[in-house]
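Each remark here refers to the structure printed beneath this line.
Every number in this text was worked out from the coordinates using simple rules, so none of it is lab data. These figures come from a predicted structure and were not determined experimentally. A quick note on method: Cβ atoms are made from the backbone with ideal geometry, for glycine too, and the neighbour counts reach across all protein chains shown.
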Amino acid sequence: MAANLFSEIEYLKGVGKAKGEKYRKLSITSPYDLLYHIPRDYMDFRTHIPVAQAENEEYCVLKLTITKKLPPKAIRKGLVICHAAATDGIDDILVVVYNNVYAFHALKEFGTYYMYGKVTGGFTRKEIHSPVYISAESPVLIQPVYKLTQGLPINTVRANMKQALSLLEEMPFETLPEYIREKYELPELVWSLKNIHFPETNNAAEIARRRIAFEELLKLQLGMLMLKIRKKKTTSYIMDKSTDMSDFYSALPFQLTEGQAHAVDEIIADLCSGSPMNRLLQGDVGSGKTAVAAAACCFAAKNGIQSAVMAPTEILASQHYKTFNSFLEPLGIRVALLTGSTPAKQKAEIREKLQTGEIDLVAGTHAIIQKDVEYKALGLVITDEQHRFGVSQRAALAEKGDSPHRLIMSATPIPRTLALNIFGDLDVTSIRQLPKGRSPVKTYAVTGKKRDGAFSFLRARLDEGRQAYVVCPMIEDSESELFAVKSYAENAEKTTLKGYTTALLHGRMKAAEKEEVMGKFSRGELQVLICTTVVEVGVDVPNAAVMIIENAERFGLSQLHQLRGRVGRGQYESTCILITDNKNEDCIQRMKIISATTDGFKIAQEDLNMRGPGDFFGSAQHGLPPLKIASAYDISMLSEEVRRCAEELLRDDPTLDKPEHKAIKMDTLKFFNKEVVS
């Protein structure tokens, strides 16, 4: 069978069944998919140096002629070493290839190659190990470097890519209308795909990448905006903007900050607009998002409309219940808590009252979206840390009402450029101020040599009446050198924390056990909580003033910031101590950033810059297609342009049905698996 761009990858010349299975591990099922397997880097073979200048243990490019090939040697089962003598015309060097007889056989005696690899050896004899090479006669000296999998060597992928590009020349296509390419100075797609894989110049690769990244971000934006248009229908829950909220504000034990007051105004305007609200409320740790959400629930209740608040954990749901109840119960607003561990009799009673409208607000976990939970008039749906929920869970909560208003809260600040893409279907409100009286948490990164000093400091704070957290990355001991919370807690009770009341908290404990431990810690019956990241969100103990994080290198910047946010929530000066012996450059940079600032928005931007958009949420289910091409830099540079382009497109053609928009519409549908814009 002759291959075309959309045939199975196995039919591409040079692939076959075995390699086809390898490609499928990279989610490549056709030559078309292969074209979008974008290089992660490039190898510039133009920058070769003489053998004499190659430094020991360094990687470099050499131009070598093979003078003699020696027979492969089987050193032991599973290990074959191949050797070839080579020269640059002045000095000799030995080429060493491990476990790749195929690549070794491809080298021809007296053939000249550019080789990139690690050079070892001394002045008298040098070796280059497992080099990547191309023929010196190759017209393209800038070669792509790809993400690989076992059994797919780089030269094979390059050869297969050239075949896919030859198919592209036979079946050229374009996805962007000419008027868009001209307006945003974007080259044709065929040229871009050729030059992103085998660039004619360094500059060509950058121009090609901009075109392909622009298109990927455009598909994401089009999908998000079309979803937003679909959601702009009428809602059954139009509220009265003249509703009096003075009793709510006067009952608060504090005055709202300017940021909180602005957020409440935006939300109330949405609730009275006639269209369902779809708003993201994001703010730094401790910025007072819950008080804003409570104001929204109060406004809804005064309009005879029920609210539901869904949190990802029982600890956080319970925390919300207590906070919302303290704000709203004195005003006669009826609040309930519904989680998986709520006793059966109580569950039945809550379900009945939700159905009859005797409960105005329910806080809970996914228990509040079960089939047997019905509402009389659910008009406001609030999800906290929404990226921790799957798409289906969020949709199930929204379906409990008739086009209800949606408010999403997140304590993981998201840089504006990423928010435009990840939450393009939402309006975004950001609270940047912290309430008065909140002092920044002092943060120090130290090595294990200073662990004794860190615990001496912690004990001194405990003796003053404060409480503390100690966070470990693991639950059980393993072969790694990471601290495990169970054995750590046992050891600490006998050594560093002997004589102090401690308790263990981790995600595998039963809900009732976790609630009991957190209750004791909240009431001050425990001095130290030795825990995993289960305390990352929702735990609010104003008396906790010290946090020690072991193996701090195991956590991303935003996660460290979230953990740190568990202290400094009261009137006491608070401290976070990060302990790591990791000397990796990336780790050192993260420790410097987290120690230098407590601004969650700055930290989020740095986190995005370091990790890229695909990893920003870790394994969280934010429910959107992954960005395979666009980098953090691309997002930063292109988002505004892309957003403007998408808005212009949809203003002119809201359903993208014009002939010139057919290709980009099909690509957008494919990008979202037809779930968002169909």
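Observations, loosely collected:
- Whole-number percent relative contact order across the range 442-597, with pairs defined as alpha carbons under 8 Å at least 6 apart: 31
- Remark: the Ala85-Glu137 segment gains 16.7 nm on full extension, using 0.36 nm per residue and subtracting the alpha carbon distance.
- Cross-link pairs exceeding 30 Å between alpha carbons, from the set Lys22/Lys108; Lys442/Lys514; Lys147/Lys183; Lys25/Lys219; Lys347/Lys436: Lys147/Lys183; Lys347/Lys436.
- Backbone N within the range 629-666 under 15 Å of label point (7 Å from Glu174 Cα along the Cβ vector): 659-664
- Of the trypsin sites (Lys or Arg not before Pro) found in the range 457-549, those in coil by DSSP whose Cβ has at most 16 other Cβ atoms within 10 Å are Lys498, Arg508, Lys510, Arg523.
- Taking 15 Å as the straight-line reach from the Cα of Lys68, the aspartates and glutamates in range (excluding those fewer than 8 positions away in the same chain) are Asp88, Asp91, Asp92, Glu109, Glu127.
- Normalised by residue number, the volume inside the convex hull of the Cα atoms of the range 46-137 is 94 Å³ per residue.
- Between the range 271-328 and the range 198-261, the alpha-carbon center distance in angstrom: 19
- For the pair the range 76-124 and the range 1-26, the centres of their Cα atoms are 30 angstrom apart.
- Shape category assigned to the chain from the gyration tensor of Cα positions, a/c cut at 1.5: oblate
- Relative contact order %, the range 46-137, counting alpha carbon pairs below 8 Å whose residues are six or more apart: 30
- Vicinal HN-Hα couplings computed from phi for the range 455-468 (Karplus, 6.51 cos²θ - 1.76 cosθ + 1.60; Hz; Gly/Pro x): 6, 5, 5, 4, 4, 5, 5, 4, 5, 7, x, 7, 10, 8
- Per DSSP, loop GluC sites (Glu not before Pro) in the range 154-263 with at most 13 further Cβ within 10 Å: Glu174, Glu185
- Extension gain from Ser403 to Asp599, taking 0.36 nm per residue of separation minus the Cα-Cα distance: 67.0 nm
- For the range 442-597: rounded, prolate or oblate by the Cα gyration tensor [a/c cutoff 1.5]: rounded
- For a paramagnetic label modelled on Asp41 (point 7 Å from Cα along Cα→Cβ), amide N atoms under 20 Å away belong, within the range 150-180, to 150-159.
- Given R0 = 45 Å, the distance between the Cβ atoms of Phe254 and Asp653 translates into a calculated FRET efficiency of 0.35.
- Fully extended contour minus Cα-Cα distance, from Lys77 to Glu349, at 0.36 nm per residue: 91.1 nm
- Once C-alpha pairs closer than 8 Å and six or more residues apart are averaged by separation and normalised to the residue number of the chain, the relative contact order reads 12 percent.
- Going by neighbour counts of Cβ atoms within 10 Å, the residues Tyr133, Tyr179, Tyr184 line up, fewest first, as Tyr179, Tyr184, Tyr133.
- Distance between the 7 Å Cα→Cβ label points at Glu8 and Asn491: 5.3 nm.
- Given R0 = 30 Å, the distance between the Cβ atoms of Asp92 and Ser27 translates into a calculated FRET efficiency of 0.10.
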